[in-house]
1. Could you give the length gained on full extension between B:Asp222 and B:Lys50, defined as 0.36 nm per residue of separation minus the Cα-Cα distance, in nm?
2. Computed over the Cα atoms of chain A, what is the ratio Rg over Rh, Rh following Kirkwood?
3. Taking every residue in B:157-169, how many Cβ atoms of other protein chains lie within 10 Å of its Cβ, on average?
4. If the limit is 30 Å between Cα atoms, which of A:Lys131/B:Lys92; B:Lys131/B:Lys219; A:Lys26/B:Lys50; A:Lys128/B:Lys23 go over it?
5. With r defined as the distance between the Cβ atoms of A:Asp203 and B:Ala67 and R0 fixed at 22 Å, what FRET efficiency is calculated, to the nearest 0.05?
6. Could you tell me the center-to-center distance, by alpha carbons, between the stretch B:145-218 and the stretch A:149-214 in angstrom?
7. So, in Å, what gap is there between the alpha-carbon centers of the stretch A:116-148 and the stretch B:23-102?
8. Return the long-range amide H neighbours of A:Arg121 (sequence gap of 5 or more, or a different chain), with a cut-off of under 5 Å between placed amide H atoms.
Amino acid sequence: MKTAMKTPPIVSAQEWEAARQQLLVKEKKLTRARDALAAERRRMPWLAVTKKYEFDGPKGKASLHDLFEGRRQLILYRAFLESGVKGWPEHACVGCSMVADQVAHVAHLNARDTTLAFASRAPQKDIKRVKARMGWEMPWYTITDDFDKDFGVDEWHGTNAFIRDGDKVFRTYFINTRGDEQMGNTWNYLDITALGRQEEWEDSPEGYPQTPTYEWWIWHDEPSKTDEDRPGLVQLRAYRVYAKGGGASKRQKQSQKGKTK
Amino acid sequence: MKLAEMQLNREVVTEAEWLIARKDLLTREKELNRQRDALSAARRALPMVKIGKEYVFAGPNGKQTLADLFDGRSQLIVYHFMFGPDWEEGCKSCSYLADHFDGANWHLPQRDVTFVAISRAPLSKLQAYKKRMGWRLKWLSSEKNDFNFDYHVSFTPEDEKKNKAYYNYANGQYINDELPGLSVFYKDENGDVFHTYSTYARGLDILVGAYNFLDLTPKGRDENPDSTMEWVRRHDEY
């Protein structure tokens, strides 16, 4: 810890309580705003999916309809796991891996009539190996056609939500980039700590430790590294390329090319 | 709710129309993100309280003080898991939250954070329940100290008799002998420990990834407003 860190005042329990009460008013306001936004999502119009898509799954070919596993709702996260992505063939992209780490036991989403699945370009045998290595248990499919392009996930990670009415499937929602962040509670935990995420963009008191966004990311089965080829730094470079092109210049795959070991 | 009833509220539109609606919502989502960032900045500016009292917990490594729990890092997050001394199993809603802990905890140490759970139940009960649920988290017992009472997550028979409890920074009616919360501590270079933050009730909502996923779906959380977590079970009991 740098000695120059300008910490907030150290106060008595009563004074802290007063400051905390003030912050709580703002936190509650944000919680209500978040609820209102989720209420709007539930009123978004639906888009009928008429094209047929074919995925490869652990049990062979599967349609988009099959991905629901009989439940009413489907959330599909596009993760970058394929030849050419940093970490291949041992790992998925470091950011997508972090998202996968933070998926809790799927029983809870299933209890709300919702299936959560991941999809990537890698063949099933590679997906199976990476899942086993990392201890991930969500269903994970192989994209075989234009699905990624049609649903805005050919360039960068993203989450699509669908609903089913009998055989009919509707796209209800799509979110990507920082919007995917809310699915990962690591960021939410860090946001309540004294130091925050310790990333450069944050508005923190003077002297707080801060490193570039993404740079500190790791694969959970590998120790943190400091070399130029560390996964977080590669992710940061890839994001810069993506953001510079207005979000659509180069594929994440291409941006992450380079030494993969 | 039947899908037929739901559809009454929903239009099915063309891709171009859907995109207009989606982009309109996106503007507000981005606004909320900025507000959230500003709120996190305000948390970092919150003053701290120096802790004078020594708490000793029973854990997998024997007796440990609050300062020991930092495990060489400067920040400590404590989840106050509802598991009273005479309870047979941990609270089901806390178990739902706890299903999210291990994933985040691969990454929190990278940002100088140690994460633990603390409950009043004896260590043997905590360990048996942890095994049943398949968790990795470090879980300590505060059975022999006032930690849970000082951080307003456990309540006395006296509170119950008076039907009064101080929870989530307000005086209210007694609800239960244990309630959920999360506290954050900071340790400086001299080894002094400070309390920086505590959150309770819906303040914990942002830590539940499954809720964040559900908030993206057409049906949402689909909860009874008077009994929000009614549908939640332990993951081996659905």
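Each value in this text was obtained by applying a stated rule to the coordinates, not by laboratory testing. Since the model is a prediction, treat every value here as computed from it, not as a measurement. Here Cβ is always computed from backbone atoms with ideal geometry, including for glycine, and neighbour counts include all displayed protein chains.
1. Net length gain for the segment: 57.7 nm.
2. 1.01
3. Working: counts 0, 0, 0, 0, 0, 0, 0, 0, 0, 0, 0, 2, 7.
Rounded to a whole number, the mean comes out at 1.
4. Cα-Cα > 30 Å for B:Lys131/B:Lys219; A:Lys128/B:Lys23; rest within.
5. Numbers: r = 30 Å, r/R0 = 1.35.
Plugging the Cβ-Cβ distance into 1/(1 + (r/R0)^6) gives 0.15.
6. Using only Cα atoms, the two centres lie 26 Å from each other.
7. Their Cα centres are 32 Å away from one another.
8. A:Leu81, A:Ile143
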